[in-house]
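> Questions regarding the structure given below will be posed in turn.
The values are calculated or read from the model by the stated rules, or taken from the named source; none is laboratory data. Predicted model, so just to flag it, every value in this text is computed and none were measured. All Cβ positions, glycine included, derive from the backbone under ideal geometry; neighbour counts span all protein chains shown. Surface accessibility is based on the protein's heavy atoms, side chains included, excluding ligands, DNA and RNA. Shrake-Rupley method; radii C 1.70, N 1.55, O 1.52, S 1.80 Å.
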Amino acid sequence: MNILLIGSGGREHALAWAISGSPLCDRLFIAPGNPGTAQCGENVVIDIADHPAVIAFCKLQKIDLVVVGPEGPLVEGIADDLTAAGIKTFGPSKAAAQLEGSKGFTKELCAEFDIPTAGFGRFTNAAAAKAYVAEQGAPIVIKADGLAAGKGVVMAETLEEANAAIDMMFGGGLGAAGAEVVIEEWMIGEEASFFALCDGTHALALASAQDHKRLSDGDIGPNTGGMGAYSPAPVMTPALEARVMEEIIRPTLAGMAKRGTPFKGVLFAGLMITAQGPKLIEYNVRFGDPECEVLMPRLKSDIVPALLAACDGVLDSFDLRWSDEAALTVVLAARGYPAKPEAGSVIRGIDRAQALDDVLVFHAGTKQDAAGSVLASGGRVLNLVGLGKTVAEAQARAYAAVDAIDWPEGFCRRDIGWQAVKREREG
Ligand code: AMP
Ligand code: GLY
């Protein structure tokens, strides 16, 4: 079969790598892709926002399945338009993508279907929001309702910070995303990401991972898209995973189906493991980036039949095998990230890193010049993935790969995996 994958990040390189390994895949196209995905299939230039153009491409190339990587096109309804044109598409409808597109939507769903999450209020004006903050006290969490590229959450330690965030959001500081504001109780615990494949009715647990959102070692500095991740997350024991499926994922699917907007695709639950048990922080409606880069190397089964089963509503008869090994990715970012990454510097040593045992390299913001050199062209640029029996072993391999790269204009965190490694040491 012919498959079109949409996106251009490290997540898409990892997906392209997994999909291209399937015996079911004849031709794989990636739009727009990156120099890494070009090693797995054919990169194509299509304007993803132009749905008729995407449909025309699918008809021309006899595409049997479209896999949508990022949330943007899903929230814009690309799955609806492709499906209406008779093209099988992995990813939720526009209505179901509201689980990521609107924090308020998700909080209301949790309230309606008893899904454990932080206490909250929803506001459309600053005065009411400030009155709520005054009543609740600090610390407190202020969130823009809409998609804000990871900048929409302010963890306010004081009332002053909370009020300043409210003014910033209603003052248009985050554009339309801040027209509505959600204010939440600040939950305490360890964070984990959990992924489940969904077909509208049934959910199949995939795996857990842990991300590192802050820019710098020791989890300090501004939030980023993610500076590194590992899978599985040791905090997610089998018993906790079963609770998450039972208390969070399945009620969400049932609630979405009951509302007439069934969810198909990957449900990515951001969780806080609190003293009272797992609680939902937020949903994303796609694989995480860089979480996908550590999930795909651990997946032993063919991913393509699983994606098809999710599209066709037959996940109940499905199972996937996972490696017991740990995978850990370190993100190399361009100097200036996240505020203003510098583009255009040359990255050397990728082949050297790739040649190491139990190492994979996934490209994100790279491009190739006419001479074949790889250049930085984004914020998060490369993922160096190590595999090992323990997170510590995977970590050592990932950093050996980092050290094989010659890129003075790039940087990374040096402590990816610290929580798991500490847990392993304390045994
Ligand atoms: P988000 O952009 O919604 O993923 O939130 C970014 C980060 O803010 C999360 O990964 C958490 O670390 C933190 N966060 C968000 N909401 C809460 C909450 N209610 N309590 C504690 N931490 C939170
Ligand atoms: N790494 C977090 C995300 O993909 O949203």
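> Return the single residue from Gly146, Gly171, Gly313 with maximal mean-square fluctuation; model: Gaussian network over the chain, springs between Cα atoms under 10 Å.
Judging by the Gaussian network model, the answer is Gly171.
> Moving on. Counting only residues 5 or more places away or on other chains, whose amide H sits under 5 Å from the amide H of Val381 once H atoms are built in the peptide plane?
When sequence neighbours closer than 5 places are left aside, the close amide H contacts are Leu332, Ala333, Ala334, Gly365.
> What residue among Ile46, Ile166, Ile249 has the largest mean-square fluctuation in a Gaussian network model of the chain, using Cα springs under 10 Å?
Ile46
> Pairs Lys107/Lys264; Lys59/Lys264; Lys59/Lys107; Lys213/Lys389; Lys88/Lys389: which are spaced more than 28 Å apart, C-alpha to C-alpha?
Beyond 28 Å between Cα atoms: Lys59/Lys107; Lys88/Lys389.
> Based on the Cβ-Cβ distance from Asp219 to Lys62, what FRET efficiency comes out when R0 is 41 Å, to the nearest 0.05?
0.30
> Which whole-number percentage describes the relative contact order of the chain, with Cα contacts under 8 Å and a sequence gap of 6 or more?
Value for the chain: 16 percent.
> Still on this structure: Where the accessible area of the chain is counted over protein heavy atoms with a 1.4 Å probe, how much of it, in %, is carbon and sulfur?
53 percent
> Through the Karplus equation 6.51 cos²θ - 1.76 cosθ + 1.60, θ set to phi - 60°, convert the phi angles of region 158-164 into ³J(HN,Hα) values in whole Hz; use x for Gly and Pro.
Per-residue couplings from phi come out as 10, 4, 4, 4, 4, 5, 5 Hz.
> Anyone know which of Arg335, Arg397, Arg243 comes out most mobile in the 10 Å Cα GNM of the chain?
Maximum fluctuation in the GNM of the chain, among the listed residues, is at Arg243.
> Using label points projected 7 Å from each Cα along Cα→Cβ, tell me how many nm separate Glu246 and Asp50, to one decimal.
Placing both labels 7 Å along Cα→Cβ, they lie 5.2 nm apart.
> Is the shape of region 278-427 best called rounded, prolate or oblate, per the rule: a/c under 1.5 gives rounded, else a/b larger than b/c gives prolate, else oblate, with a ≥ b ≥ c the square roots of the Cα gyration tensor eigenvalues?
Prolate shape, in that a/c is at least 1.5 and a/b is the bigger ratio.
> Highest mean first, how do 348-356, 256-264, 191-199, 178-186 rank when packing is the count of other Cβ atoms within 10 Å averaged over residues?
Order by mean packing, descending: 191-199, 178-186, 256-264, 348-356.
> Would you mind working out the magnitude of the charge dipole of the chain relative to its Cα centre, with +1 at each Lys and Arg C-beta and -1 at each Asp and Glu C-beta, to the nearest 20 Debye?
Value, rounded to 20: 320 debye.
> Also, I was wondering about something else. Summing -39500 (n - 2.57) over the DSSP H runs of n ≥ 4 in the chain and dividing by its residue number, what mean residue ellipticity at 222 nm do you reach, to the nearest 500 deg cm²/dmol? List each step's numbers first, then the result.
On the way: 15 runs with 130 residues, N = 427.
Helices in the chain give a 222 nm mean residue ellipticity of -8500 deg cm²/dmol.
> To the nearest 10 square angstrom, what accessible area does Met155 show with a 1.4 Å probe?
About 80 Å², rounded to the nearest 10.
> Using a Cα-Cα cut-off of under 19 Å, which aspartates and glutamates could be cross-linked to Lys62, ignoring same-chain neighbours fewer than 8 residues away?
Result set, ordered by chain and number: Asp26, Glu42, Asp47, Asp50, Asp80, Asp81, Asp312.
> Now for a different question. List, in order, the whole-Hz ³J(HN,Hα) value for each residue of region 335-345 obtained from phi through the Karplus relation with A = 6.51, B = -1.76, C = 1.60 and θ = phi - 60°; use x for Gly and Pro.
Values, residue by residue: 3, x, 5, x, 5, 8, x, 7, 9, x, 6 Hz.
> Which shape class applies to the chain: rounded if a/c is under 1.5, otherwise prolate when a/b exceeds b/c and oblate if not, where a ≥ b ≥ c are the square roots of the Cα gyration tensor eigenvalues?
The shape class here is rounded.
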